[in-house]
Amino acid sequence: MNGLPPLRTTPARYTTGRGWVWVRSGFDIFNKGMGASVAMVVFWFGVGMVLDLLPAGGLISQLLYMVWGAGWVAVAARGYRGEPLQFADLFAGFRHKLTPLMLGGLLVLALFILIGLVCGGLLSMWGLLSVLTQDPDSMVVSALQLQQLLLVLLVGMVLAIPVLMAVTFSPALIYFHDVGILQAARLSFAGCWHNMWPFFWWGLLSAILLLFGAVLLLVGLLVVIPALNYSIYVAYRDIFLDEMAQQDAPNAEPFGFEA
């Protein structure tokens, strides 16, 4: 789709410094349409806030997680080609592959619910639920309870990281290459795993930029958030696309659950 090169047989590996290239390239794409990018992130946040007011808004937001993700990479793809960014591209996921993208969001929701159940089970087993319901001003926590709370937090993080790795590139893989949901998750996880250190550096830079953007009365986030979204597209191209192959190379048959 969109004249992209075919997928590599295996994800490419890069050195740690590549994370900076991804972040910098995300800002380069942002500069192709600063006004459109700011308008998109404001609209995106606005839709999220409206959905939060609805009874099933949280579920709808989660179902649209990958749909919006596909929109952001579609916007970035245009900027990567040197073209001005277009607001309409943010809705690309609603026009193409909507069903598998929404099912992908449902899968993510199910996995995070499972993680929540595991952590809740640990809290219940160790009798920590009553601690969490105490008044913060008068909360009394023993050293053992504090250690157990930190352990539950650590377990949650350890379980959440693989899920995040599996969904990072899934919207792009589903949208651009018609890859099945399970196959997209597997490829995304492999791409992140093979580039653990570049992504560690990308994550550290992202955290610094987000903190800096928040300090600037949140106005800086209107720049940082779309730029970081665009950087995911650049990383996806680097890791998964065989730029040296012919543009008309035959695509591999998709593998996985497809709706």
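The values are calculated or read from the model by the stated rules, or taken from the named source; none is laboratory data. For clarity, every value in this text was computed on a predicted model and none was experimentally measured. We place every Cβ from the backbone using ideal geometry, glycine too, and count neighbours over all the protein chains shown. Calculation scope for accessible area: heavy atoms of the full protein, side chains included, ligands and nucleic acids excluded. Shrake-Rupley method; radii C 1.70, N 1.55, O 1.52, S 1.80 Å.
Build a GNM of the chain with springs between Cα atoms under 10 Å apart, and of SER25, SER130, SER138 the one that fluctuates most is SER138. At GLN86 and VAL219, where each label point lies 7 Å from the Cα along Cα→Cβ, what is the point-to-point distance in nanometres? Taking the simple label geometry, GLN86 and VAL219 are separated by 3.1 nm. Against the main long axis of the alpha-carbon atoms of the chain, helix 98-125 sits at an angle near 20°. Springs between Cα atoms under 10 Å define the GNM used for the chain, and in it the highest mean-square fluctuation of GLN145, GLN183, GLN134 occurs at GLN134. Name the residue, out of LEU211, LEU132, LEU85, whose mean-square fluctuation peaks in a Gaussian network model built on the chain with Cα pairs under 10 Å. Among LEU211, LEU132, LEU85, the largest GNM mean-square fluctuation belongs to LEU132.
Label-to-label distance for PHE43 and SER124 is 4.3 nm, based on points extended 7 Å past Cα in the beta-carbon direction.
Compared with the dominant principal axis of the Cα atoms in the chain, helix 196-215 is inclined by about 70°. When the convex hull of its Cα atoms is viewed from all sides, the chain shows a mean projected area of 16.1 nm². Principal axis extents of the Cα atoms in the stretch 189-244, from largest to smallest and rounded to whole angstrom, are 43, 20, 15.
Please find the FRET efficiency linking LEU182 to LEU144, where r is the Cβ-Cβ separation and R0 is fixed at 51 Å, and quote it to the nearest 0.05. Using R0 = 51 Å, I get an efficiency of 0.80. Just to verify a number: FRET efficiency for THR10 and ALA160, C-beta to C-beta distance, R0 = 30 Å, to 0.05? Computed FRET efficiency for THR10 and ALA160: 0.70.
Tell me which trypsin sites (Lys or Arg not before Pro) from the stretch 74-176 have a DSSP coil assignment and no more than 12 other beta carbons within 10 Å of their own. Answer in residue order: ARG81. Going by alpha carbons, how many degrees (0 to 90, nearest 10) lie between the helix axis of 18-30 and the longest principal axis of the chain? Compared with the principal axis, the helix lies near 70 degrees. What part of the accessible area of the chain, given as a whole %, is carbon or sulfur when the probe is 1.4 angstrom? Here carbon and sulfur together make up 71 percent of the probe-accessible area. Computed extension length for LEU106-ILE60: 15.6 nm, one decimal, from 0.36 nm per residue of separation with the Cα-Cα distance subtracted.
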